[in-house]
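S.K.: After the structure tokens below, expect a handful of questions from me.
The values are calculated or read from the model by the stated rules, or taken from the named source; none is laboratory data. Computed from a predicted structure; not experimentally measured. With ideal geometry, Cβ positions are generated from the backbone for all residues, glycine too; neighbour counts draw on all protein chains shown. Surface accessibility is based on the protein's heavy atoms, side chains included, excluding ligands, DNA and RNA. Shrake-Rupley method; radii C 1.70, N 1.55, O 1.52, S 1.80 Å.
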Amino acid sequence: MSDQTSVERDALPIPDYDHLPVTGLGHRIRSLSAEQLGTLLTYEQTHGNRLPVVQVFQARLTELEDGAEPSDGDASGLAPELASGGAEGGSVVSPQTQGPKINPPSHGDPTNPAQPR
């Protein structure tokens with residue numbers, strides 16, 4: 001392998017991987033080759049060196065060494081966990097769709113100091 005400590009962040013197989021949750025990272029690296037994964041591992045060890053991330057990378061490298069094949073897909077594709085804004089779709093809140101008004105407890109409204117509690 002070549003000297004991978006000089007790899008620029010923009011040249012990594014998964015752009016902005018360091019902003020992905022560790023739980024999703026394991027799925028996104030399944031399409032990477034051992035060489036690409038080695039690049040990410042070296043970069044992580046020289047920069048953040050986060051133990052959970054290093055362990056995920058090392059476990060996948062072991063799987064590849066034991067004969068696992070990279071899956072189809074694009075690890076650098078859309079990352080829904082990084083999308084800004086709310087979920088698309090969903091329901092619109094309006095007076096017709098909101099829940100019933102909640103009455104204060106019989107012993108008074110605790111947020112209103114004028115009423116006894």
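S.K.: I need a count of the residues in region 6-37 that are among the hydrophobic types (A, V, I, L, M, F, W, C) and assigned to a loop (DSSP other than H, G, I, E, B).
M.R.: 5
S.K.: Give me the pairs: first residue in region 10-22 and touching a residue at least 12 places away in the same chain (Cβ under 8 Å) and farther than 17 Å from residue 34 by Cα, second residue outside any helix (DSSP H, G or I) and open to solvent by 70 Å² or more (accessible area, probe 1.4 Å), beta-carbon distance under 6 Å, and six or more apart or on different chains, which are they?
M.R.: Sorted first by the residue in region 10-22, then by its partner, the list stays empty.
S.K.: Here's something else I'd like to know. Which residue pairs have Cβ atoms under 7 Å apart, sit 6 or more places apart or on different chains, and have a first residue in region 64-76 that is of a type outside the set (S, T, N, Q) and a second that is open to solvent by 60 Å² or more (accessible area, probe 1.4 Å)?
M.R.: These pairs meet every condition: 70/30.
S.K.: Sticking with this structure for a sec: Please count how many residues of region 44-63 are open to solvent by less than 40 Å² (accessible area, probe 1.4 Å) and either free of Cβ contacts under 8 Å to residues at least 24 places away in the same chain or outside any helix (DSSP H, G or I) (or both).
M.R.: 1
S.K.: If you take the residues of region 2-43 that are of a type in the set (S, T, N, Q), more than 12 Å from residue 56 (Cα to Cα) and modelled with pLDDT of 80 or more, which of them is most open to solvent (accessible area, probe 1.4 Å)?
M.R.: 36
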